[in-house]
């Protein structure tokens, strides 16, 4: 009986942190990996790699728990989120906060193995992660705040690998912010009808009929920034091949989101995982070949 109860609680906690839906963790992971491979010139420190891989999944999980706590009064009215553990009563708000705090502390323990600058930067990351879930109540640009939070691993991993934030890392951070703005706007397009009824704010609502044009403009800006980084650093055709593959995923996203159907928009959102992976594949292949 006790074993069954523990197993049930563990199952609910895993659902709370979206262990069954790792897309968010991958979207957080890719810009960090782009940066680590670029600033280390393809030779990342193994400890840095392991710490940031683990920390990415831990902090994304903590963020999901905080997000569900913040949205506990509105998730029940949204088709996509009405069965989440807090809304359905399978996890209490206090439990969600405890799970989030535990995961954040575990992540911080990993960061303590890094240098002083990385540790100091981690406090900014925690603050951004904690603020984001509440932004949709006060601004139409919570997607921008998500970008600031999701991309913060970029300057952190630069600091961990090189003991400073190299200029290139700030440009990648900008690309990461814009990328999150694009894909989370697509995600907000899925929930737009429900959000309008609830009074929840998003870029998808604020932009109205210009949503598709903005998403495409931002996605092209991301690729342009990365293209400029490749040119300025003398990267090979392998890197640019990765960007070309990423461009193909952007084209497919356009064919989906222009319908503005929730199911199509969700499929377009998922394609961003392949976009991030294609870019990393190009970076990895460049240094592997060299």
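The values are calculated or read from the model by the stated rules, or taken from the named source; none is laboratory data. Predicted model only: the values in this text are computed from it and were never measured. Cβ: placed from backbone, ideal geometry, glycine included. Neighbour counts: every protein chain shown.
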Among residues of the stretch 136-147 being touching a residue at least 60 places away in the same chain (Cβ under 8 Å) and in a helix (DSSP H, G or I), the residue nearest to residue 178 (Cα to Cα) is 143
Take residue 201 and decide whether it is modelled with pLDDT under 95 and assigned to a helix (DSSP H, G or I).
-> no
If you check 38, 49, 58, which single one turns out to be at pLDDT 90 or above, under 22 Å from the mean Cα position of the chain (by Cα) and farther than 20 Å from residue 173 by Cα?
-> 58
Flag if residue 224 is free of Cβ contacts under 8 Å to residues at least 12 places away in the same chain, surrounded by fewer than 20 Cβ atoms within 10 Å (Cβ to Cβ) and closer than 18 Å to residue 178 by Cα = yes
Does any residue of the stretch 179-193 turn out to be more than 18 Å from the chain's Cα centre (by Cα), surrounded by 17 or more Cβ atoms within 10 Å (Cβ to Cβ), in contact (Cβ under 8 Å) with a residue 12 or more places away in the chain and in a helix (DSSP H, G or I)?
-> yes
Within the stretch 234-282, restricting to residues that are outside any helix (DSSP H, G or I) and in contact with a helix residue (DSSP H, G or I) (Cβ under 7 Å, 6 or more places away or on another chain), the one that is surrounded by the most Cβ atoms within 10 Å (Cβ to Cβ) is 235
Of these, 165, 172, which one is outside any helix (DSSP H, G or I), under 21 Å from the mean Cα position of the chain (by Cα) and within 16 Å of residue 40 (Cβ to Cβ)?
-> 165
State the number of residues belonging to the stretch 148-162 that are within 17 Å of residue 275 (Cβ to Cβ), at pLDDT 95 or above and in a helix (DSSP H, G or I).
-> 1
Kindly indicate which of 246, 268, 285, 213 is at pLDDT 95 or above and under 22 Å from residue 170 (Cβ atoms).
-> 246
Does the stretch 62-76 contain at least one residue that is touching a residue at least 40 places away in the same chain (Cβ under 8 Å) and closer than 30 Å to residue 242 by Cβ?
-> yes
Output for the stretch 204-221, where each listed residue is under 15 Å from residue 268 (Cβ atoms) and crowded, with 16+ Cβ neighbours inside 10 Å = 204, 211, 212, 214, 215, 216, 218, 219
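Let's see how each residue does on (1) buried (at least 23 other Cβ atoms within 10 Å of the Cβ); (2) closer than 30 Å to residue 231 by Cβ; (3) within 20 Å of the chain's Cα centre (by Cα):
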| position | (1), (2), (3) |
| --- | --- |
| 76 | no, no, no |
| 90 | no, no, no |
| 95 | no, no, no |
| 110 | no, no, yes |
| 150 | yes, yes, yes |
Given (1) surrounded by fewer than 19 Cβ atoms within 10 Å (Cβ to Cβ); (2) touching a helix residue (DSSP H, G or I) at 6+ places or on another chain (Cβ under 8 Å), index of the condition residue 122 fails = (1)
